[in-house]
Amino acid sequence: MMAPTVLWTLLVLVYPVGVTLRNSLFNVGAGFDPHPPFVGLGNYAALLADPIFWHSVRVTVLFALGNLLGSFGLGLVTAMLLHERFWGRPFARAVLLLPWAMPQVAAVVVWRWLLQVQYGAVNYVLWRLHLVATPSIQWLVKPSLGLYAVLAATVWWQYPIATTFLQAGIQSVPVDLYEAAGIDGANGWQRFRHVTWPGLRHVRNILLLMLLFWSLGQVIIIWTMTAGGPARATQTLAILVYQRAFSDFQFGSAAALATIVLAVSLSIGLLYYRLTLRTAQEA
């Protein structure tokens, strides 16, 4: 009964990971040599000595932190607003999920239009609000702005799932706690700080780990929007793996880099598992 599942897991998970680990120890190039030279940990040593690798590490950290703060912060604000009763709340909840339901490539098309130099809505609104001196900001050309553009698209696409998680967490907080806080004279901020925020502890921790995990593996939005540019400004580790493999044809180096990313992702996955297990036990 379990044989098909086990076979499928071995085929699509264990075998690719095994091939990647093996290739990371060999000098695998574009020639597809059946017996490539064995280099041991040479690919890893070359990566640690490569300034491009460390640049990608820095970009990945900045991208992950920006995505965490943006998606979680916007999701928390939206969840708090949707928790209040108002006319049209079911419709607002449905509309909220539209970015998440949209394919990532379609989201990139929307944001490339919004950030267009001459006719983009973002430049026009910022210029009309007197926040910028010119309505022709080159978001996808200037290296200093490329990461902000990619983060805006990623946060816009991802924050609805954060809202859904946080709204479920807010609804799980007992109403009696809010009533007791109101009787004690707590204002809105105090109720949030001492009731809502502690009540979101389990959901908050799991959500942050999920957002971090997705940030490390984000390729589609970054690649279709900037392809790692301009001037490597958005070249995360995931993008560098893709470029090393399919642009530079350095499959051994790409495999070593993918193994490093896999190790970090597994660490996050194990932490996520421990948190979910602890949450289940406490519940």
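The table that follows gives values for the structure above.
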| item | result |
| --- | --- |
| For region 11-117: rounded, prolate or oblate by the Cα gyration tensor [a/c cutoff 1.5] | prolate |
| Total charge dipole magnitude, the chain, about the Cα centre, Cβ charges on Lys, Arg, Asp, Glu only, Debye to nearest 20 | 340 |
| Among Gln138, Gln158, Gln190: highest mean-square fluctuation, GNM of the chain, C-alpha pairs under 10 Å | Gln190 |
| Amide proton proximity set for Phe26, modelled H, under 5 Å, gap of 5+ | Val39 |
| Descending principal axes extents, region 133-253, alpha-carbon based, whole Å | 65, 45, 16 |
| For region 9-66 and region 136-182, distance of Cα centres in Å | 32 |
| Difference of contour (0.36 nm per residue) and Cα-Cα distance, Thr134 to Thr9 | 39.6 nm |
| Stokes-Einstein D in µm²/s, Kirkwood radius over Cα pairs - the chain at 10 °C with 1.306 mPa s viscosity | 73 |
| Segment Tyr119-Ile220, length gained on full extension (0.36 nm per residue, minus Cα span) | 33.9 nm |
| Computed helical MRE - 222 nm, the chain, DSSP H runs ≥ 4 contributing -39500 (n - 2.57), nearest 500 | -21500 deg cm²/dmol |
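Every number in this text was worked out from the coordinates using simple rules, so none of it is lab data. Owing to the predicted nature of the structure, the values given are computational and were not obtained by experimental measurement. Virtual Cβ from ideal backbone geometry, glycine too; neighbours counted across all protein chains shown.
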